[in-house]
Structure formats: structure tokens, C-alpha cells
1. Considering only segment 1-29, state which residues are in a strand (DSSP E or B), in contact with a Leu (Cβ under 9 Å, 6 or more places away or on another chain) and either without any contact (Cβ under 8 Å) to a residue 24 or more places away in the chain or surrounded by fewer than 16 Cβ atoms within 10 Å (Cβ to Cβ) (or both).
2. Given the conditions (1) surrounded by fewer than 16 Cβ atoms within 10 Å (Cβ to Cβ); (2) touching a residue at least 60 places away in the same chain (Cβ under 8 Å); (3) of a type outside the set (A, V, I, L, M), and given that D79 satisfies all but one, which numbered condition is not satisfied?
3. Taking segment 129-178 as the region of interest, how many residues are at pLDDT 70 or above and either small (G, A, S) or over 22 Å from E223 (Cβ atoms) (or both)?
4. Checking R256 against (1) touching a strand residue (DSSP E or B) at 6+ places or on another chain (Cβ under 7 Å); (2) surrounded by fewer than 19 Cβ atoms within 10 Å (Cβ to Cβ), which test does it fail?
5. Do you know which of the residues in segment 309-325 that are in a loop (DSSP other than H, G, I, E, B) and not aliphatic (A, V, I, L, M) is surrounded by the fewest Cβ atoms within 10 Å (Cβ to Cβ)?
6. Identify all residues within segment 114-133 that are closer than 24 Å to K268 by Cβ and outside any loop (DSSP other than H, G, I, E, B); write none if there are none.
7. Would you tally the residues in segment 365-422 being outside any loop (DSSP other than H, G, I, E, B), within 30 Å of S202 (Cα to Cα) and not small (G, A, S)?
Amino acid sequence: MNYFTYRDNQLYAEDVSLSDLATRLGTPLYVYSARTLRRHYRVLAEAFKGTDSLICFAMKALSNLSVLKLFNELGAGFDIVSVGELMRCLKAGADAGKIVFSGVGKTDEEIEAALKAKILMINVESRPELQRISMIATRLKLRAPVSLRVNPDLDPGTHPHISTGHRDSKFGVPLAQVHEYYAEARTLPNLELAGLSTHIGSQITETDPFAEAGQKTAKIVAELRAAGIALKYLDLGGGLGIPYQEQPPSPADYARALLGPLKNIGLKIIIEPGRVLVGNAGLFLTRVLYVKETDVKRFIVVDGAMNDLIRPVLYEAYHEIAPVKPRTSGARLVADVVGPVCESGDFFARERDMPAVESGDLLAVMSAGAYGFVMASNYNSRPRAAEVLVEGDYAHVIRDRDSFDDIVRNEHLVTFRGGPDE
């Protein structure tokens with residue numbers, strides 16, 4: 001559910017007219033609903049009520065400081081994948097003791113920063129990383145809480161680019177090597193064996209993969225306990241999908257599937273939702289520049305582009321595209337919705353049957369809260385869009401649109417040493 005609704009034939013974000021926002025702030029524009037963010041978090045928290053659990057928002061989905069502050073005030077922890085994300089969390093006021101650090105390629109600088117911040121734990125994905133963490137922790141004279149990420153070797157049935165639990169994925173420790181990894185970790189100095197972790201992918205729309213992941217991790221926990229390894233945390237990752245076109249399980253069904261095999265596990269359960277919290281809480285607002293007709297096709301050219309929202313070309317992702325002010329005629333057309341970037345992959349939809357539009361109309365690309373702005377770039381020297389967080393009848397500008405100076409801020413004009421012909 002979200003709080004983007006039509007009133008008097010106009011699309012609103014909570015109590016703010018999107019047409020008014022576009023007039024005041026220009027387009028393209030990312031718009032988020034604070035009420036939706038809060039509701040999504042509370043529904044998920046309710047699904048895990050009665051269990052010893054911690055929700056760590058996977059902030060790679062949407063990392064704006066104000067969004068992090070909102071989730072922090074709701075009691076969330078955070079799943080991070082870089083030192084930059086760690087710094088964002090701390091700047092937003094997060095409790096470092098509720099931060100989990102994931103990712104396959106942590107640098108020495110990142111490991112050191114995480115240990116000095118005293119985060120909850122580091123999810124380890126390889127033997128060299130395990131050894132590196134021990135070495136850095138020893139140098140710093142600190143204890144490093146670690147959790148080994150196991151690759152459960154299962155197919156969650158999602159897009160290959162966002163599937164992380166299959167055997168040939170770069171993520172995690174193979175099932176067959178989990179015990180030898182823990183045995184080695186016990187011998188390394190300055191390590192605290194805090195937990196076991198897994199994550200099988202993103203945009204998962206069935207409960208069976210979650211239940212299977214729960215079963216496999218429960219078995220490993222039991223075997224480790226029998227070997228004298230007592231853990232504190234079981235990190236089950238995220239991955240629950242949202243309704244782009246498909247209809248995923250409810251948070252309650254997701255929790256039942258995940259927790260079913262884990263009764264009496266005796267560990268604190270950590271989940272890392274990202275998309276499910278923020279995906280449908282955001283939209284991308286763009287204006288029609290031209291409706292271009294050729295002898296074989298129709299194109300709706302908008303002022304937003306792949307540098308703003310890359311998911312359609314990167315993941316073949318579907319986003320509903322809704323007119324902000326639907327025309328009363330009810331006329332429809334079939335067209336590609338494309339941007340101005342000089343790439344054939346610069347599109348939001350292909351052969352989309354949609355309400356008829358004209359130059360100047362506003363379109364809302366829905367379900368754009370997750371992996372939208374965070375993957376934006378300045379390709380073609382285009383400014384990144386502003387971000388707005390709507391709260392009731394007030395619109396907070398939580399990130400300004402890039403200026404030209406922002407785009408070239410870190411570039412330098414040099415004085416060349418040679419002549420023009422050298």
C-alpha cells in the first residue's frame with residue numbers, strides 16, 4: 001500500500017499535488033511519501049512481533065539522510081555495504097551497535113572504520129577477508145564481531161542480476177566449507193564469532209525460497225552448536241519483493257515462512273529489508289517533451305532518462321507509468337516512453353499501452369523508491385534530480401537538484417606542458 005492517490009483527477013503524494021511540486025521544483029523529480037515509509041516499516045515489524053529480532057534497513061536501496069533518520073527514529077538498524085554508507089548512518093544518528101556490514105570486497109579502510117565505530121557485526125564472505133579482519137583487529141587491539149555468510153545454494157527464481165544464493169554466485173561461503181571456516185575463525189586472534197548470515201536475492205515473490213533458506217541455516221546452527229560454537233545472531237537477509245506487476249507474499253506470510261523452521265533456535269533474528277520498505281514509497285516525476293511519430297512507431301520523449309532511473313534497461317524492470325492529470329477523453333495509445341540520453345537503452349517502457357498524453361503532460365513512474373536515485377549518475381552531463389519527502393501537506397526538499405558546478409566540482413582544468421602540436 002502507498003499514499004499516492006488521485007483527487008479531483010489529479011495525482012497526489014499524501015496531501016501534496018504532484019502538479020504543484022513540478023511547478024515549484026521542476027522535473028525530473030524523485031518524490032517519497034513519509035507516511036508510506038512508516039507504514040511499511042510498522043507492518044513488517046508487526047509480522048515479526050513476539051520474536052527476538054532486529055530489522056536492519058538495507059540502505060543501498062535508498063540512502064538519503066532524511067530517509068535514514070526516519071527509519072532510525074522508528075527503531076531500525078541498518079545493513080551497509082561500504083564505508084560511505086556507514087558514515088551516512090552515523091551522520092543520520094544511527095546506533096552503531098545496530099549496524100551490520102555486508103559485501104564481498106571490504107577494504108582495509110572500511111574494516112578499520114567499522115571496528116572503530118563498534119558496529120554490531122561484519123558479515124564475512126571469504127577466507128582472505130576473515131584473515132584480514134583478524135589482522136586489522138589485532139593491530140587496533142579490538143575485538144571484531146563476525147558472522148559468516150553462507151551461500152545456501154538455492155534458486156530464488158528472480159532476475160539473475162539480483163539472485164545471490166545460487167552456487168556460482170560471488171556471494172558467501174559454500175555450504176560444504178562452512179564448518180572449516182568456523183574452525184579456522186576460532187583459531188584467529190581478536191575475532192568474536194557472533195553469528196551466521198545468509199541472503200538469497202532480491203524481488204522474491206514466493207515464500208518457498210525463504211522457507212528453504214530457513215531450513216538450511218537452522219541445520220547449520222544446530223551442527224555448529226553441537227561442535228561447541230555458540231552464536232548470538234542469525235542474519236537472514238532480505239529479498240521480499242514488491243508488486244511491480246507480480247503479487248508477492250505479504251510481510252506476515254514472509255515472516256511465517258522464514259521463521260517456521262527456526263522455532264526455538266535461541267538466536268536473535270536479523271532481517272535486512274530494502275526494496276519492500278521503500279520501493280512503493282517513491283515515484284519518479286517526469287514531463288513529456290514530445291510525442292514523436294514515425295512510420296513504424298510512436299515515442300513519448302520525456303525529460304527524465306536512464307541516468308535518473310536505470311532499472312528498466314539494467315534489470316528489464318517494469319514500472320507502472322501513470323498520468324498526473326489523466327485526460328477525460330479516456331483515449332489510449334501504444335508507445336515507447338524514452339528519455340533524451342544518446343543511448344538506445346534510454347527507455348522507461350517499450351510498447352506500453354497507456355493513456356494518451358501530449359507535450360507538457362506530467363507522468364509518474366511508480367515504484368521508484370528502491371534502486372532509483374541511488375543508482376543515478378551525471379551521464380551526458382545531466383544533473384541528478386532533486387529528492388522530495390512529502391509529509392502530510394508539506395514537502396521537504398531532502399536533496400537539491402545538481403547544479404553545473406556540482407557536476408564539475410571535482411574536475412580540474414590543467415595547463416598543458418606541451419604545445420598544441422606535441
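The values are calculated or read from the model by the stated rules, or taken from the named source; none is laboratory data. Note that the structure is predicted; figures quoted are calculated from it, not measured. Cβ sites come from the backbone with ideal geometry, for glycine too, and all protein chains shown count toward neighbours.
1. T5, Y12, S17
2. The single condition D79 does not satisfy is (1).
3. Going residue by residue through segment 129-178, those that are at pLDDT 70 or above are 129-152, 172-178.
Next, from what is left, pick out any that are either small (G, A, S) or over 22 Å from E223 (Cβ atoms) (or both): 129, 131-144, 147, 172, 176.
Result for segment 129-178: 18.
4. (1)
5. My answer is E316.
6. A114, L115, K116, A117, M121, I122, N123, V124, E129, L130, I133
7. Total satisfying the criteria: 15.
Residue-by-condition table, conditions (1) more than 18 Å from the chain's Cα centre (by Cα); (2) closer than 24 Å to L309 by Cβ; (3) not in a strand (DSSP E or B):
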{"site": "Y32", "(1), (2), (3)": "no, yes, no"}
{"site": "T36", "(1), (2), (3)": "no, yes, yes"}
{"site": "R39", "(1), (2), (3)": "no, yes, yes"}
{"site": "M87", "(1), (2), (3)": "no, no, yes"}
{"site": "V100", "(1), (2), (3)": "no, no, no"}
